[in-house]
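The numbers here are math on the coordinates, done by the rules we state, and not lab data. Because the structure is a prediction, the values reported are computed rather than measured. Heads up, the Cβs are rebuilt from the backbone with ideal geometry, glycines too, and the neighbour counts pull from every protein chain shown.
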Amino acid sequence: MPTSLLTASVTIWCTPPTPCLPGQAAWLSADEAVKASRFRRPVDHDRFVTGRLLTRAVLGERLHQAPEDVDIRLGAREGAAPGRPYVGPGPSFSIAHAGSWVLVAVVDPAGPPLPGAASAAVPGAAVDVGAGVDVGVDVESTAPARAHLADLLDAVPAGERPADGWDAESFTRSWVRREAVLKAVGTGLLAPRDDLLLSRADRPARVVHSGGLLPAPDRLAVRDLELPAAWPSPSTGKAVTLGGREGHPRRSGTSPSAGGGEGATYLAAVALRSARGPVALGSVRVTDGTALLARHGITARTTLDQP
């Protein structure tokens, strides 16, 4: 008998980084508070904290809990490699941040779309599931690839090279797809480069080959993510810019595309991993995390102008 195809939908909540007020610090676990205190630059601190606050706001509403009661843990979830954050029981989620972006992706329960979310449905499988899959999301600046493209190309397989050759945008596109898949699996960048081959960067995203400890290609799904330009501020009604140009570094780290820079643009991707069988992405909904935080008294205010 053929194996049935699971279709899972994802909601992605977007907001700019914002300073944490004293009362909101209670939302963080002790380990998160320690990690936050170690960031030297305010903007790096605020990206990390905003990601955790937004995650707790989203999961709190989903699980009917106060945000500070959402228990985020690190470890293995349903066969995934250890190290990814999760809540148990609860939906799989993934956090990404770069420049003026903080994204939280959450696997949806079976059911109708959330009201007010921009949805792009894709023909897929027969059954929509909210359990048994993990999600990964990534967003990156094109600036590092623009400045150091030749030094970064070894980070992705040659088989992902577009027909017209690499440039900053195509490399960053390939990279965010890769990191989204590896975050969904739970290995992160510990997986050897050649264990994962994706489609060429100038073609629609898909997994071509996977090996080593990674699931079979049909248990992985990946899609490019279109980012909105801005959301209206709940307090002023004016647009809060999320995308576009970024004049300050993103962060330090091991990602080949870590960093920002003058004139940077941002690309993103979302991926799924299934422990139960073949999987497909159903709808991907991009919605306003700024308004959600505002309902909890957190007003988005970017800190990118801080040194």
- Message: Test of understanding: what is the full-extension gain from Asp164 to Asp202, defined as 0.36 nm times their sequence separation minus their Cα-Cα distance?
- Response: 12.8 nm
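May I ask you to derive the FRET efficiency for Arg276 and Asp31 from their Cβ-Cβ distance with R0 = 35 Å, giving the value to the nearest 0.05? Mind showing how you got there, number by number?
Working: r = 30 Å, r/R0 = 0.87.
Step by step, r from the Cβ atoms, then E = 0.70.
Applying 1/(1 + (r/R0)^6) with R0 = 41 Å to the Cβ-Cβ distance of Arg40 and Ala216, what FRET efficiency is obtained, to the nearest 0.05? Please list the in-between numbers first.
Working: r = 42 Å, r/R0 = 1.02.
Given R0 = 41 Å and the Cβ-Cβ separation, E is 0.45.
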- Task: Within 10 Å, count the other beta carbons around each residue, average over each peptide in 206-219, 283-296, 142-155, and list them highest first.
- Result: 283-296, 142-155, 206-219
- Item | Derived scalar couplings ³J(HN,Hα) [segment 170-187; Karplus, 6.51 cos²θ - 1.76 cosθ + 1.60; whole Hz; x for Gly, Pro] | 5, 4, 5, 4, 4, 5, 5, 4, 4, 5, 4, 4, 5, 5, 5, 5, x, 7
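In what sequence, highest mean first, do 156-162, 132-138 appear when ranked by Cβ atoms within 10 angstrom? Mind dumping the intermediate values first?
Working: 156-162: 16.9, 132-138: 25.1.
Descending packing order for the listed peptides: 132-138, 156-162.
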- Message: 7 Å from Cα along Cα→Cβ at both Leu74 and Glu61: what's the point-to-point distance in nm?
- Response: 2.9
